[in-house]
Each structure stands twice: as structure tokens, then as C-alpha cells.
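J.: One structure, as C-alpha cells, below. Some questions next.
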Amino acid sequence: MLFNSNKFIFNDVKGFTKQKIEEIKKQIIDFEKKRSTKLEFTNFISSKFNLEDFNSISEYLINLEDFFSNYFDIGNLNKLFYFLSEILGELIRIKRRIRIIFLDMRNVRGIIKNKKLFEKIFKKIKYSRDQCENLIDFIQANKQKFQSKFKNEIYIFIESSILKKIAFISKKLPLDLEIWEPIKELYEITKKHGEIPFINEGRENNSVFYIHDIISDFKESSNFKSVLIYDYLYLCYSIGIFYISKIEKFKDSTEKAEIKKKLRSFFIELLKDFITDLLLQRNEIYDEIKIITKRELNKILEELKQGDINNFISKTIFKIFEKIETYYQEKIEEQDCTAQLNLKKRQIVKLLDDIVDWILEFENYLKPYDEVTLNIRKTINNINSEIQRRVEIFENSAQSIYEENVKAEVKTLIDNNMAKLNHMLDFYQQETSKTINQEFPELENIKNMLRKYTVETTKIQKEITKIFEDIRKRGVSPYSLIKKWEKNFTEKTNQMKFALYLLISKLFISFKEILGEEEILFSTIKNIGLHEHEIPLNYRFTTLFPEKLSDDELKERIQSIDSQIKKSNREKRLYQEEMSKLEEILSSRIKLREGISVSDVHCTVCHKYINIAKENIIVCPFCGSVFHYLCVAYWLSKFNSCPMCSNQFLDPNLGLFEDQEGE
């Protein structure tokens with residue numbers, strides 16, 4: 001047995017045959033005819049059903065229950081795969097033996113006269129059977145699955161402790177553990193190899209030992225299987241029998257360098273195995289769309305595994321990513337290719353993050369030599385950055401191709417509509433030329449024609465506006481198409497205006513209304529998407545996606561808008577000059593009519609300048625005071641007298657004041 005070397009557990013015990021049962025039944029009947037003591041009956045039953053060693057089994061199960069209860073959690077026993085597997089094997093053999101005894105006793109249960117004493121023995125067997133089954137269920141529920149070396153904390157802890165030459169201290173063995181022979185024997189081996197006595201707070205002597213010194217003795221022991229050595233060492237460490245000494249054996253720089261070198265080799269070997277296993281598990285990265293098969297991946301891993309760890313990681317990841325990149329490069333015009341590549345990128349980044357997490361966990365076992373992992377983590381960060389950069393380049397290329405496809409998609413529609421408008425304008429030019437060449441052109445016909453074409457133009461513009469708005473919503477700049485539109489109709493406008501201006505020189509007054517209609521047509525035809533209270537689509541900032549324009553295109557657009565502003569300012573100045581002349585004439589007439597002699601008129605109430613051409617005024621006919629209408633309206637409605645001279649202002653019955661107030 002793992003904890004007690006009771007050979008009975010390994011005996012090949014078989015159940016009774018039918019003939020044997022009949023024989024035992026007869027022996028029991030004969031025995032019960034005699035007068036016997038309880039002890040004699042118990043011994044008789046024990047001999048017939050091979051119960052001589054059952055008390056040892058029962059004691060073993062009780063002790064095992066106590067051991068699990070006291071040490072399973074604090075000792076991290078769920079991690080001891082080999083240890084628990086051995087105990088589980090023993091318990092299964094014990095359960096098999098108990099079951100055979102249980103069935104044999106049940107077969108003769110009916111003929112027993114001393115039922116009370118027999119039932120007592122039978123219940124004890126049944127209790128041990130249930131106890132054994134509960135222990136089996138407990139171990140199966142809590143035992144961790146087999147872990148590879150790179151995931152096996154126990155293996156990593158023991159090996160790294162050996163390589164770092166860590167000193168351990170063995171404390172006094174607790175009494176409840178002395179019953180377990182393997183633990184007791186391990187404890188004795190550590191005492192044997194103890195180098196110096198260590199006093200723990202002056203109360204107990206402890207031995208300092210090194211794991212590599214006791215491994216060989218541990219292997220030679222008949223009580224241990226080789227696979228159990230690390231589990232027992234870790235068990236004793238977890239439950240506190242062994243602990244790491246704070247006394248550090250002196251190590252010179254040469255010895256430390258040698259330790260670091262060995263630790264790095266140990267770490268790299270496990271890391272390569274971990275990465276290999278991780279890549280083969282994460283086949284959704286490469287095998288889902290048949291980018292690379294597991295067989296091809298294994299070949300790549302084998303080729304690189306003998307080389308430097310940094311090359312192993314970077315070249316493996318980049319070989320996989322390059323195949324993924326090539327696969328999606330062929331599908332770059334498909335709508336979801338960028339999203340799919342980003343998914344693969346996230347899967348690779350997650351894989352790299354898992355590698356870093358494993359390294360960070362491993363660093364706990366490398367301390368104080370954990371700097372051996374620093375260069376590898378930098379390599380992984382660089383791989384992450386490079387993959388991100390290449391994905392961004394792919395995204396930009398895919399976006400450019402997408403934009404070109406969208407432009408090509410609508411180019412035919414734009415060209416058709418432009419041809420339609422060009423044809424209409426050519427026809428207009430021909431028709432107006434005929435009219436202009438006449439000695440007395442029918443101006444009304446030209447006006448009607450212009451209005452008709454303006455309506456047609458508006459319809460076509462709406463179609464164009466809808467197309468450009470759709471392009472904008474799809475995130476594509478229509479700048480080049482807008483420039484083509486503008487250029488086409490600028491040239492057409494210049495051609496047509498020349499002919500019309502010849503006639504204007506003869507008939508300026510008659511053609512004034514026609515010019516207005518034509519100006520509406522010519523000034524708006526190159527503008528796309530005119531909406532109320534909005535500037536044209538081709539001048540709207542949000543439409544052009546200016547962040548996508550080149551420097552030259554931005555400069556060109558700035559100059560174009562500046563030209564529009566200057567043109568607007570020039571027209572505004574001309575209108576302002578015209579308005580000033582008209583206001584001057586109107587002001588002179590009012591002053592003359594009202595008998596105002598001063599040039600600058602100010603309100604007698606608020607003393608502000610009065611713009612006589614724009615504002616309503618009231619003049620006192622007696623003293624000549626001038627008022628803003630609103631400044632004096634309330635006073636007049638209440639007192640009907642001049643605020644300055646107090647003379648009666650108006651006849652209340654005339655109603656003149658009320659009419660002006662209504663205005």
C-alpha cells in the first residue's frame with residue numbers, strides 16, 4: 001500500500017463458488033449447533049470469510065479520511081497527480097476486496113441464527129465499503145488532470161529549486177504523520193543529509209538540506225515509485241514539514257552565472273514545449289480556413305525548435321501570419337476581409353498574451369534570476385507591434401481599393417447625367433443663337449426656355465445630389481468627381497455667355513430679366529445638392545472628407561472657396577453702394593417734406609442718430625423737434641403734446657396716430 005505496506009491488499013482474492021457457499025453454509029449450521037462464545041463465533045466468521053486483515057483495512061480508511069481532512073487543502077493535494085492516482089488505485093483494489101467479502105457474507109446471511117452478532121460484523125463491512133467509495137469519489141472529483149511538464153507546478157518547483165541550489169529546512173514531523181511510512185522515511189532521509197543544525201526560535205533543532213542530495217536516496221527506497229518522488233517532496237513542502245531556508249549558501253559570480261545559464265536552458269526548453277502545445281491547440285487561428293495544416297505547422301516547429309528561443313517565437317508566429325496575410329490579400333476586394341484579418345490578429349495577440357502570462361508565472365520560480373525572461377518578453381512585444389503595423393497597412397490598402405470601387409461604381413451614372421445636361425445646354429445654345437441673330441428676338445421665348453431648362457436642371461441636380469450623398473455616407477470622398485463636374489460646366493458657361501453678351505450690348509434693358517434667369521441656371525448648375533440654408537455640396541466641409549485629401553487638393557479647395565468669398569464680398573459692396581445712394585435720395589426727400597434742415601438728425605428723447613430712410617419719425621410742427629416713433633409713442637398716446645414745447649400735437653379724433661402705431 002502507498003501509506004502502509006499491508007500485502008493483503010495485493011493478494012488475488014476471489015469470491016466463493018456456489019459449491020464453496022454450500023460448504024460454508026453447512027459448516028455454519030454445524031458450528032451454531034454447538035455452544036460458542038461471541039469471540040469464538042467472531043473468529044469462526046473471520047476465518048471463513050478471510051477477515052483476519054479487515055481491521056487493518058478499516059484503520060487505513062479512517063486514517064486516510066483524517067489525512068485528507070487535515071491536509072488536502074493546505075497541502076494542495078489536488079495537484080499531486082501521481083500521488084492521488086496511486087491512492088486511488090489502492091482504494092479501487094480495497095473496494096473490490098470488500099465487495100467480494102460483502103457478497104459472500106450476504107449469500108449466507110439467511111441461515112445465520114446468531115443474527116445480532118453477524119449483522120454487527122456485516123454492518124462494519126458495509127460501512128467500510130461506503131467509506132471506500134466516498135474516498136474514491138472525493139479523489140476523482142478533486143484530482144487535477146495530468147499536466148505536461150510545462151504546466152506541472154510541482155515539476156517546475158522541484159527542478160528550479162535543484163538548479164538554484166535552494167536550502168530547505170525540515171521541521172519536526174507531526175505525530176499524525178508518523179503513521180505514514182513514506183513520509184516518515186522521507187523525513188529520515190532529510191535528517192540524514194542535514195548539513196547544519198538550525199535552531200528555530202530556540203525551541204527545536206531542524207536540519208538544513210538540499211533537494212539534490214536526497215533525490216538519489218529517495219529513488220533507492222523500496223517504498224517509492226520514481227514518479228512519486230516529486231509529489232512527496234512537494235507534499236511535505238506544502239504542508240509545512242519542509243520550508244525554504246533564509247540562510248543562503250554563499251555563491252560567487254561564476255557559480256551564479258552557471259545557475260542562471262542552467263535556469264535559462266530549463267526555462268527555454270519548457271517554453272518551447274508550451275508554445276508548441278498552445279499552437280497545436282489554437283488551430284482556429286490557421287486551420288479553420290485551411291491556411292496551414294497541423295502537419296505543416298509541426299514541420300515548421302521542428303525546423304525552428306533547435307534554434308534560438310527568440311527566433312523560434314518570432315519566426316513561427318510570422319510564418320503563420322504571413323500565410324494568413326497572403327490568404328486575405330487575395331480576397332482584399334471582399335467586404336469583410338478586413339474584419340476577418342482583424343479577428344485572426346486578435347487570436348494571435350491572445351496567444352501571445354497567454355505566452356506572456358505563462359512566462360510571468362514561471363518567473364516566480366526563477367527568482368532572483370527572473371531577468372533571464374526579460375529579452376523574450378521584449379521579443380513578444382515587438383511581434384505584437386509588427387503584426388499591428390501590418391494589419392493597419394492592409395486596412396489602408398483595402399480602404400483605398402474600396403473607395404476606388406465605389407467611385408467607379410457611380411462614375412457611369414455621373415457621366416450619363418453630365419452628358420444629358422451637356423446635350424440640353426448645347427440645344428439651348430443653338431436655340432438662343434437663332435433668336436439672338438434675329439433683328440427683333442422674342443425675349444419672352446428665351447425667358448420661358450431658360451425657366452424650362454432650370455426645372456430640368458433641378459431634377460438632374462437632385463439625382464446627382466442623391467448619388468453624392470450616398471457616396472459620402474459610405475465614407476468615400478467625391479472630390480475628384482466634383483472637380484470634373486465643376487470643370488465641365490465652367491467651360492460650358494463661358495461658351496454660352498459669350499453669345500448672349502453680344503445681344504446684351506444691343507438690348508441691355510430688354511434682356512435684364514433674361515439675364516437673371518440665365519444667371520440662376522449658370523450659377524447653380526455646377527453646384528451639387530443645393531438645400532435651403534446650406535452651401536452647395538461641393539463646398540461643404542463634411543462632404544469632401546478633407547482628412548483624405550492631399551496637400552495640393554486642400555490648397556486648391558481653399559483657393560476655390562476664397563475666390564467665392566471675394567466674389568460675394570465684391571457683389572455685397574456694389575449692393576451696399578447702390579443702397580446708400582437710394583437711402584440718400586429718400587432721406588433728402590423726407591427732410592425737405594418735414595422741414596428738417598440739419599444734416600445729422602438725432603432723437604430728442606434718446607439722443608441717438610436717426611436713419612431717416614429706414615426708421616419711422618415724428619416731427620413737432622411747432623418747435624421742430626424730431627423723435628423716434630417708438631421713443632415718443634407712449635407719451636403722445638397719454639398726453640398728446642410735444643415733450644419739448646408742450647404744444648398739442650394732434651387732433652385725437654383724426655386717427656392718424658393709431659394708424660401709424662398699427663404699422
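J.: Can you compute the FRET efficiency between Arg93 and Glu188 using 1/(1 + (r/R0)^6), with r the Cβ-Cβ distance and R0 = 30 Å? Round to the nearest 0.05.
T.: Calculated transfer efficiency: 0.60.
J.: Can you compute 3J(HN,Hα) from phi for each residue in the range 399-413, using the Karplus curve 6.51 cos²θ - 1.76 cosθ + 1.60 with θ = phi - 60°, rounded to whole Hz and x for Gly and Pro?
T.: Ordered by residue, 3J(HN,Hα) equals 5, 4, 5, 4, 5, 5, 5, 5, 4, 5, 4, 9, 4, 4, 4 Hz.
J.: Could you tell me which of the pairs Lys145/Lys319; Lys172/Lys261; Lys290/Lys473; Lys26/Lys116 are separated by over 27 angstrom between their Cα atoms in the structure shown?
T.: As for pairs spanning more than 27 Å Cα to Cα, those are Lys145/Lys319; Lys172/Lys261; Lys290/Lys473.
J.: Figure the gain on full extension for Gln144 and Ser550 (residue separation times 0.36 nm, minus the Cα-Cα span) and round it to one decimal in nm.
T.: Roughly 140.0 nm would be gained on extension.
J.: Further, regarding this structure: Among all the aspartates and glutamates, which ones have a C-alpha under 16 Å from Lys143's C-alpha, if same-chain residues fewer than 8 places away are not counted?
T.: Within the straight-line limit of under 16 Å, Lys143 reaches these aspartates and glutamates: Glu65, Asp73, Glu86, Glu90, Glu133, Glu153, Asp231.
J.: Related question: Taking a label point 7 Å from the Cα of Asp53 along the Cα→Cβ vector, which residues of the range 99-140 have an amide N closer than 19 Å to it?
T.: Under 19 Å, as judged by backbone N against the label point of Asp53, lie 99-105, 125-126, 128-129, 132-133 of the range 99-140.
J.: Follow-up question, since we're still on this one. To the nearest 10 square angstrom, how much accessible area does Ser47 have with a 1.4 angstrom probe?
T.: Using a 1.4 Å probe on the heavy atoms, I get roughly 60 Å².
J.: Here's a follow-up. Between Arg573 and Leu103, what is 0.36 nm times their sequence separation minus the Cα-Cα distance? Round to one decimal in nm.
T.: Net length gain for the segment: 157.4 nm.
J.: Would you mind getting me the FRET efficiency between Lys116 and Leu177? Use the beta-carbon distance for r and R0 = 56 Å, nearest 0.05.
T.: 0.90
J.: How many nm separate the modelled label positions at Lys447 and Asn134, each set 7 Å beyond the Cα in the direction of the Cβ?
T.: It works out to 11.1 nm between the two label points.
J.: Can you compute log10 of I(q)/I(0) for the range 55-105 with the Debye formula, treating each Cα as one identical point scatterer, at q = 0.14, 0.18, 0.25, 0.29 Å⁻¹?
T.: At q = 0.14, 0.18, 0.25, 0.29 Å⁻¹ the computed log10 ratios are -0.44, -0.67, -1.01, -1.14.
J.: Another question about this same structure. Report Asp66's accessible area, 1.4 Å probe, all protein chains in place, as a number in Å² to the nearest 10.
T.: 80
J.: What full-extension length gain, to one decimal in nm, is calculated for Leu586 and Lys484 as 0.36 nm per residue of separation minus the Cα-Cα distance?
T.: That works out to 31.9 nm of additional length.
J.: Based on the Cβ-Cβ distance from Glu392 to His607, what FRET efficiency comes out when R0 is 56 Å, to the nearest 0.05?
T.: 0.25
J.: Per the Debye formula with a single identical scatterer at each Cα and no solvent contribution, what log10 I(q)/I(0) holds for the range 270-339 at q = 0.16, 0.26 Å⁻¹?
T.: Here the Debye-derived log intensity ratios amount to -0.58, -1.19.
J.: Rank these by accessible area, largest first, 1.4 Å probe: Thr379, Thr316, Thr458.
T.: Heavy-atom accessible area, descending, gives Thr458, Thr379, Thr316.
J.: Next question, about the same structure. Could you tell me which of the pairs Lys149/Lys345; Lys608/Lys638; Lys164/Lys260 are separated by over 20 angstrom between their Cα atoms in the structure shown?
T.: Lys149/Lys345; Lys608/Lys638
J.: Evaluate the distance, in nm, between pseudo-label points positioned 7 Å from the Cα of Lys34 and of Gln19 along their respective Cα→Cβ axes.
T.: Simple spin-label model gives 2.6 nm for this pair.
J.: Follow-up question, since we're still on this one. Restrict the search to the range 13-102; then list the trypsin sites (Lys or Arg not before Pro) that DSSP places in a loop and that have at most 16 other Cβ atoms within 10 Å of their Cβ.
T.: Lys14, Lys34, Arg35
J.: Here is a further query. Considering only protein heavy atoms and a probe of 1.4 Å, how much of the accessible area of the range 582-650 is carbon and sulfur, as a whole percent?
T.: Its accessible area is 54 percent carbon and sulfur atoms.
The values are calculated or read from the model by the stated rules, or taken from the named source; none is laboratory data. Predicted model, so just to flag it, every value in this text is computed and none were measured. All Cβ positions, even for glycine, are placed from backbone atoms using ideal geometry, and neighbour counts span all protein chains on display. Accessible surface areas use protein heavy atoms only, side chains included; no ligands, DNA or RNA. Shrake-Rupley method; radii C 1.70, N 1.55, O 1.52, S 1.80 Å.
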